[in-house]
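The values are calculated or read from the model by the stated rules, or taken from the named source; none is laboratory data. Just so you know, these numbers come straight off a predicted model, no measurement behind them. No Cβ is skipped: glycine too gets one built from the backbone with ideal geometry, and neighbour counts run over all protein chains shown.
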Amino acid sequence: MTARKAAIHRKTRETDIRVSLDLDGSGEARLRTGVPFLEHMLDQIARHGLIDLEVEADGDLEIDAHHTVEDVGITLGQALAEAWGEGRGLTRYGHAYVPLDEALSRVVVDLSGRPGLEYRVDYPRARIGDFDVDLIREFFQGLVNHARLTLHVDGLQGRNAHHVAETVFKAFGRALRMAVTDDPRMGDTTPSTKGSL
């Protein structure tokens, strides 16, 4: 099997981000973003997606975490798209339901080649520690736009905002893992009647 790895460096006037990943890893993560809650969530993607993930981010945190969180999503999306390339032999679709105590989320992913995000998650409070929960949607929007995938995220229930967020990221990791798994019956073909994603 061809190595499914990528390394992306994205630098703007607001952030300087480096992401490297291996889709066929063991779930190891090395993370330095200056946003501890984001690192906790990225670790969920790596662990549950069995993706080896390294993220280094320097951003304008003196303003707030918005640019850093969004740009990490963008850069991670670029790395994912590069790692799976044309999508030959992939399962393409993935889904997962993940509970954490009272919280339950569902994530469905399609490596469609078309960016689309349907995000329906209600949080019982606006902040988790000092992390603004609105940034979770911004993270996924950036990722979806640059990975060119279709993503449905549904928070089905939950009273604890941390639990809700964690189930979203765990479910995304597991759904992504399913979607990028090789389907031996596909051989070297692309899982689309169009012949390309």
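Summary of values
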read-out	value
Scan of segment 69-99 for residues that are under 13 Å from ALA147 (Cα atoms), of a type outside the set (Gly, Ala, Ser) and surrounded by fewer than 18 Cβ atoms within 10 Å (Cβ to Cβ), ordered by number	GLU82, GLU86
Qualifying residue in segment 35-51 (condition: among the acidic types (Asp, Glu) and within 13 Å of the chain's Cα centre (by Cα))	yes
Residues being assigned to a helix (DSSP H, G or I) and modelled with pLDDT of 95 or more - total across segment 65-94	18
Selected residue [of a type outside the set (Gly, Ala, Ser), assigned to a helix (DSSP H, G or I) and over 11 Å from the mean Cα position of the chain (by Cα)] from VAL144, VAL164, VAL168	VAL164
Leading residue by the ranking (nearest to the chain's Cα centre (by Cα)) among those in segment 100-141 that are surrounded by fewer than 16 Cβ atoms within 10 Å (Cβ to Cβ) and of a type in the set (Gly, Ala, Ser)	GLY116
Boolean, ARG185 is at pLDDT 95 or above and among the basic types (Lys, Arg)	no
Meets criteria (more than 20 Å from VAL133 (Cα to Cα), buried (at least 20 other Cβ atoms within 10 Å of the Cβ) and of a type outside the set (Lys, Arg)) for ALA57	no
Yes/no for ARG47 being at pLDDT 95 or above, of a type in the set (Lys, Arg) and surrounded by fewer than 22 Cβ atoms within 10 Å (Cβ to Cβ)	yes
Within segment 6-55, considering residues that are of a type in the set (D, E, K, R) and either without any contact (Cβ under 8 Å) to a residue 12 or more places away in the chain or assigned to a helix (DSSP H, G or I) (or both), the one farthest from LYS170 (Cα to Cα)	ARG13
Inter-residue pairs, beta-carbon under 6 Å, first part of a strand (DSSP E or B) and in segment 103-127, second among the basic types (Lys, Arg), 6+ apart	TYR119/ARG137
